[in-house]
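> Provided herewith is a single structure, encoded as structure tokens, for subsequent inquiry.
What follows draws every value from the coordinates through simple rules; no lab data is involved. For clarity, every value in this text was computed on a predicted model and none was experimentally measured. Here the Cβ positions follow ideal geometry from the backbone for every residue, glycine too, while neighbour counts run over all protein chains shown.
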Amino acid sequence: MKIKTKRISLLVLMIVFALVFAAGCGGGPRAGGNDQAGTGGEGKLQLTIATGGTGGPYHTIATGLADIWNKNLDNVNVTVASTGASVINNRMVDSGQAELAFAMSDVSYYGKEGSNMFEEPLKNVRGFASAHTNFVQLVTTKDSGINSVEDLRGKRVGVGAPGSGTELNARRILAAYGITYDDLAKADYLSYAETAEQLSNRNIDAGFFTGGLPIASITELATKQDIKIIPIEPEIVEKLKQEFPVYMSKSIPAGTYKGVDEPVNTLALKNYILVNKDLDEQIVYDLVKTMFENLDELYGYHNAAKQIKLETALEAMELELHPGVAKYYQEQGIEKQ
């Protein structure tokens, strides 16, 4: 009886050891040698796309992309990560914490050059596609008494999440008007959703949002408060372009948000989709091909996604392309513009 018990115990131990060993060996490195990723239980490559606040276009469009990729590609499982957006996203892709990301073109350009908020060039970030155009949207309530950027002196202002492109744009725009954060009553580092909430509750007087049109958080805010968007004049944009050539002067169309019935001049810039250079070439080729072959579905997720087009996929692209997307664009006859 004792011998039988010992044999059973030994068998159990052997099974447990085998299961532990298998679990330890089950997760391999990401394709292309990126050690941050692994394969899931179904053998799929696990990919992360870094976005922005949950109320913003980055997150909404990325959710659509993840759904499209997961439905059409059998070998990947793409998940969406909400982050502080552009600066953080560049760093996440560079370090391998995310394989893909959305980011503003100016922030990505500084990452490439190793300037401004980046102490050295980001060597592992590559271009995937130029996406939609971002518009700086400086929002306040109609009864705030704020009619220009100069009126922000002494006011409580949401300037964007720490490390975000919105916050970078806010500082630059204020500086172009001769204003620093010290000139404000308070510079509040808030996400899209937090800025809209604080404006709705009147805890801040105005807030910067930089994103595609429309931003869901502003749309929702406009159902609770009468809002207006403060213009950023073309001459200010031209002044900024002397140092930051990626900037453009464009108008937010009338009717984009409830109660905003006239077009509003502002600063605009392109967004990029980024990819880690070590992600397998065939995987990246399949991702970009699948995205452009399913644009009609992607357009249903957010109005700003309608600006993602094959013919403008390399518009204002300043980054080196990943070989996987370069191969696809070459096949399609698309060249840098």
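> If each of Gln282 and Lys186 carries a label point 7 Å out from its Cα toward its Cβ, how far apart are those two points in nm?
Placing both labels 7 Å beyond Cα along the Cβ direction yields 5.6 nm.
> To the nearest 20 debye, what charge dipole does the chain have about its Cα centre, counting +1 at the Cβ of each Lys and Arg and -1 at the Cβ of each Asp and Glu?
Dipole about the Cα centre, nearest 20: 1360 debye.
> Moving on to the next point. Convex hull volume of the Cα atoms in the stretch 134-270, per residue, in Å³? If you can, show how the numbers build up before the last one.
Working: hull volume 12.6 nm³, N = 137.
Expressed per residue, the convex hull around the Cα atoms of the stretch 134-270 is 92 Å³.
> Right, next: List the GluC sites (Glu not before Pro) in the stretch 213-270 that DSSP assigns to loop (not H, G, I, E or B) and whose Cβ has at most 15 other Cβ atoms within 10 Å. Which are they?
Glu243
> For Ser251 paired with Lys123, estimate the spin-label separation in nm (one decimal), with each label point 7 Å from Cα along the Cα-to-Cβ line.
Placing both labels 7 Å beyond Cα along the Cβ direction yields 4.8 nm.
> Under 13 Å from the Cβ of Pro231, count the other residues' Cβ atoms, weight Lys and Arg +1, Asp and Glu -1, and hand me the total.
So the surrounding residues net to -3.
> Per-residue counts of other Cβ atoms within 10 Å, averaged by peptide: what ranking do you get for 198-211, 315-328, highest first?
Going by the mean number of other Cβ atoms within 10 Å, highest first, we get 198-211, 315-328.
> Can you work out the FRET efficiency for the pair Thr290 and Thr219, with r the C-beta to C-beta distance and R0 = 30 Å, to the nearest 0.05?
The computed FRET efficiency comes out at 0.55.
> Below 8 Å between Cα atoms, with a sequence gap of 6+, how large is the relative contact order for the stretch 38-171 in percent? Could the numbers behind the result be given before it?
Working: 184 pairs, mean separation 28.7, N = 134.
Once divided by the residue count of the stretch 38-171, the mean separation gives 21 percent.
> Just need the relative contact order of the chain here, percent rounded to a whole number, with Cα pairs under 8 Å and 6+ apart.
The value is 22 percent.
> Identify which of the listed values of Cα extents along the principal axes in Å was calculated from the structure shown: (i) 135, 55, 38; (ii) 54, 46, 41; (iii) 89, 52, 39.
After the calculation, the listed value that fits is (iii).
> Related question: Which FRET efficiency, nearest 0.05, do Lys336 and Asp143 yield, Cβ-Cβ r, R0 41 Å?
The computed FRET efficiency comes out at 0.30.
> I'd like the Karplus ³J(HN,Hα) series for the stretch 122-137: coefficients 6.51, -1.76, 1.60, θ = phi - 60°, whole numbers in Hz, and an x wherever there's a Gly or Pro.
8, 7, 10, 9, 10, x, 10, 5, 7, 9, 7, 8, 8, 10, 6, 10
> For the stretch 278-329 and the stretch 200-232, what is the centre-to-centre distance using only Cα atoms, to the nearest Å?
Each part reduced to its Cα centre gives a spacing of 30 Å.
> Something else about it: Report the full-extension gain for the segment Asn203 to Lys309: residue separation times 0.36 nm, less the Cα-Cα distance, to one decimal in nm.
Fully extending the segment from Asn203 to Lys309 adds 34.2 nm.
> A further question on this structure: Under a plain spin-label model, where a point goes 7 Å from the Cα along Cα-to-Cβ, how far apart in nm are Glu235 and Thr79?
That separation, rounded to one decimal, is 5.2 nm.
> Could you tell me which of Gly259, Leu269, Ile236 has its Cα farthest along the dipole of the stretch 234-279 towards the positive end, charges placed at Cβ (Lys, Arg +1; Asp, Glu -1), taken about the Cα centre?
The listed residue farthest towards the positive side: Leu269.
> Could you check which residue among Ala216, Ala254, Ala268 shows the biggest mean-square fluctuation in a GNM of the chain with a 10 Å Cα cutoff?
Ala254
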